[in-house]
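Chemist: Supplied in structure tokens, the structure appears directly below.
The values are calculated or read from the model by the stated rules, or taken from the named source; none is laboratory data. Quick caveat, the model's predicted, so the values are computed rather than measured. Cβ coordinates were reconstructed from backbone atoms using ideal geometry, including for glycine residues, and neighbour counts include every protein chain displayed. With ligands, DNA and RNA removed, areas are computed over all heavy atoms of the protein, side chains included. Shrake-Rupley method; radii C 1.70, N 1.55, O 1.52, S 1.80 Å.
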Amino acid sequence: MNWKSVLSDVGSGVRSKKEDLNITWPKIILSIGFLAAVIGALVSTETLATINKNIAKAEEEARPAEVAIVKIITPDCRYCFNVDLAVNDFKKQNVKVVEEKTLIYGSPEAEASIRQFSIQRIPTYIVSGEITKSNIESFVKSTGEVRGAAEDTSTSNAFVFTKVTPVYIDTESNQEMGKVTATILSDPSCTQCLDPKLTIEGFKKSGIKIVDEKEIVWNSSEGRKIIDQFKITKLPTFILSPEIDIYDNVRSNWANIGTIEQDKTYVARNLFFPYRDIEKGGILGLVDLVYLVDSSCGDCYKVDTVQKPILEQGYGVRFRSERTVDVLSEEGQRLTNRYKITKLPTILLSPDVAQYTNLQKIWNGVGTIEQDGWYVFREMQQLGGAVYKDLATNQTVGKTPAVSGTGGAQ
């Protein structure tokens, strides 16, 4: 055997295989670049598809909901809720109204819709179409309900406006609900008493439909009957008919105002001073106010402009009389000696002021209650640096206001 020949054949075979497997670096780089391009194209395609999908979703969400509106109105109900205002609020949403129809309550078509969607209050409106689109979802939830037909399950759901405020027609009883009658028991002799008409006007402005208002003098024969019927002890006051009971905002707060009788009549009993107390036989809450001043103290604070507003605006005190007494007068000396007053000016309040419980609670911090029931203001520091005269030292205390034009550098 020729070993040289064999070795030569083997060597040539190895060279052949090596040549077959000879992959250069440029080829490798080109291959990697091609693979990266393919992967990048796939990723870009997927990303573009996602972007397009999100754009389409955003466009769909922004697209107005296409809807149809059916109004059920009550032309014979003078005080009924204005459904047109409610419909206009709905139209301000992102909607496109493709159809709008008006039905008259009592007509066969209106009655069919009322039964179909179990409607309890009229006037109202019904919306069909794309009522579940996200761009009107919050409005739908806050103002009504999505209901299916009560009798025909094949009928699509519809949005029914349910935030119908009085006055409205109850479809079960066919009665107008929310028309309130207010009866005022007046007391013409109490000119400082709070006029109930102001409260009635406040109710009207808050949306209460008071359609009838009667004023009756408390000591007339009719007034006496009402007083006996409801056991009223404080005047002037007012009474609201049972229809007021459907107004949630009144019912929930009435405990602070009065009582609800068995027949749902609302009687105002918790009155502000002053008022007439029938049992005690007089007007309570009127206070006599005395300003005790020292006319020789020109810089002293003006007691009437400082103290009176605090009493009136801060504590609701009402006055029967006001008078100013100078300490240099005989009456001034008598008051000063009687109540051992050492700081002027000040105020004295008659015992009637004890009825103002909020003032009574804080009085120990600003003054004294004398044995005869009179209230005397004494703590001048509570007035925030007001100028006053100390009778014990005959000195003026506090910061005297600078006279205009006297200041400046010398």
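Chemist: What whole-number distance in Å separates the alpha-carbon centres of the range 255-313 and the range 82-98?
Modeler: 49 Å
Chemist: Could you estimate the translational diffusion coefficient of the range 292-379 from the Stokes-Einstein equation, with Rh from the Kirkwood formula over C-alpha pairs, at 20 °C and 1.002 mPa s, in whole µm²/s?
Modeler: 158 µm²/s
Chemist: A further question on this structure: How many nm separate the modelled label positions at residue 262 and residue 61, each set 7 Å beyond the Cα in the direction of the Cβ?
Modeler: The answer from the label model is 5.9 nm.
Chemist: Then there is this: Show me, for the range 273-285, the HN-Hα J-couplings you get by feeding each phi into the Karplus relation (A = 6.51, B = -1.76, C = 1.60, θ = phi - 60°), rounded to Hz, glycine and proline as x.
Modeler: The phi angles translate into 5, x, 8, 8, 9, 5, 5, 8, x, x, 8, 9, x Hz.
Chemist: Give me the distance between the Cα centres of the range 174-227 and the range 335-405, rounded to whole Å.
Modeler: First find each Cα centre; the distance between them is then 41 Å.
Chemist: How much of the accessible area of the range 333-390, probe 1.4 Å, is carbon plus sulfur, in whole percent?
Modeler: 46 percent
Chemist: Output the antiparallel fraction of DSSP beta bridges having both residues in the range 65-170, as a percent to the nearest 5.
Modeler: 60 percent
Chemist: Convert each backbone phi in the range 232-249 into a coupling constant with the Karplus relation 6.51 cos²θ - 1.76 cosθ + 1.60 (shift: θ = phi - 60°), then list the ³J(HN,Hα) values in order as whole Hz, x for Gly and Pro.
Modeler: 7, 10, 10, 9, x, 8, 9, 10, 10, 5, x, 4, 5, 5, 7, 8, 4, 5
Chemist: Now a separate question. Within 13 Å, Cβ to Cβ, of residue 122, how many net charges do the neighbouring residues add up to if Lys/Arg are +1 and Asp/Glu are -1?
Modeler: Spelling it out: positives minus negatives among the neighbours equals -2.
Chemist: Taking the Cβ-Cβ separation of residue 91 and residue 39 as r and a Förster radius of 60 Å, what is the calculated FRET efficiency to the nearest 0.05?
Modeler: The calculated FRET efficiency here is 0.70.
Chemist: Per 5 Å bin, what is the whole-percent P(r) computed from every C-alpha pair distance within the range 61-199?
Modeler: Result, from short to long distances: 2, 9, 18, 19, 16, 11, 7, 5, 4, 4, 3, 2, 1, 0 percent.
Chemist: Also, quick follow-up: So if each residue of separation counts as 0.36 nm, and I subtract the Cα-Cα distance between residue 31 and residue 329, what length gain in nm does that give?
Modeler: Stretched out fully, the residue 31 to residue 329 stretch lengthens by 95.5 nm.
Chemist: Related question: In whole percent, and with a 1.4 Å probe on the protein chains, what portion of the accessible area of the range 222-264 is carbon and sulfur?
Modeler: That fraction is 47 percent.
Chemist: Scaled to the compact-protein estimate 2.2 N^0.38 Å, what is the alpha-carbon radius of gyration of the range 178-277, rounded to two decimal places?
Modeler: 1.00
Chemist: Out of the DSSP beta bridges found with both residues in the range 178-277, what percent are antiparallel (nearest 5)?
Modeler: DSSP beta bridges in the range 178-277 are roughly 60 percent antiparallel.
Chemist: Work out the FRET efficiency for residue 321 and residue 251 from their Cβ-Cβ distance, taking R0 = 56 Å, and round it to the nearest 0.05.
Modeler: Once the sixth-power term is evaluated, E becomes 0.85.
Chemist: Can you pull out the GluC sites (Glu not before Pro) in the range 248-325 that DSSP calls coil and that have at most 15 other Cβ atoms within 10 Å?
Modeler: 261, 279
Chemist: Taking loop as defined by DSSP and a crowding limit of 13 other beta carbons within 10 Å, which trypsin sites (Lys or Arg not before Pro) in the range 273-368 fit?
Modeler: Listed in order of number, the matching sites are 280, 302, 340.
Chemist: Just to check I understand the Karplus step: with θ = phi - 60° and J = 6.51 cos²θ - 1.76 cosθ + 1.60, what whole-Hz values come out for the range 250-266, glycine and proline as x?
Modeler: Here the 3J(HN,Hα) series is 7, 4, 5, 10, 5, 4, 7, 10, x, 10, 10, 6, 4, 8, 6, 6, 9 Hz.
Chemist: Less than 12 Å Cβ to Cβ from residue 245, Lys/Arg counted +1 and Asp/Glu -1: what total charge do the surrounding residues give?
Modeler: For residues surrounding residue 245, the net value is -2.
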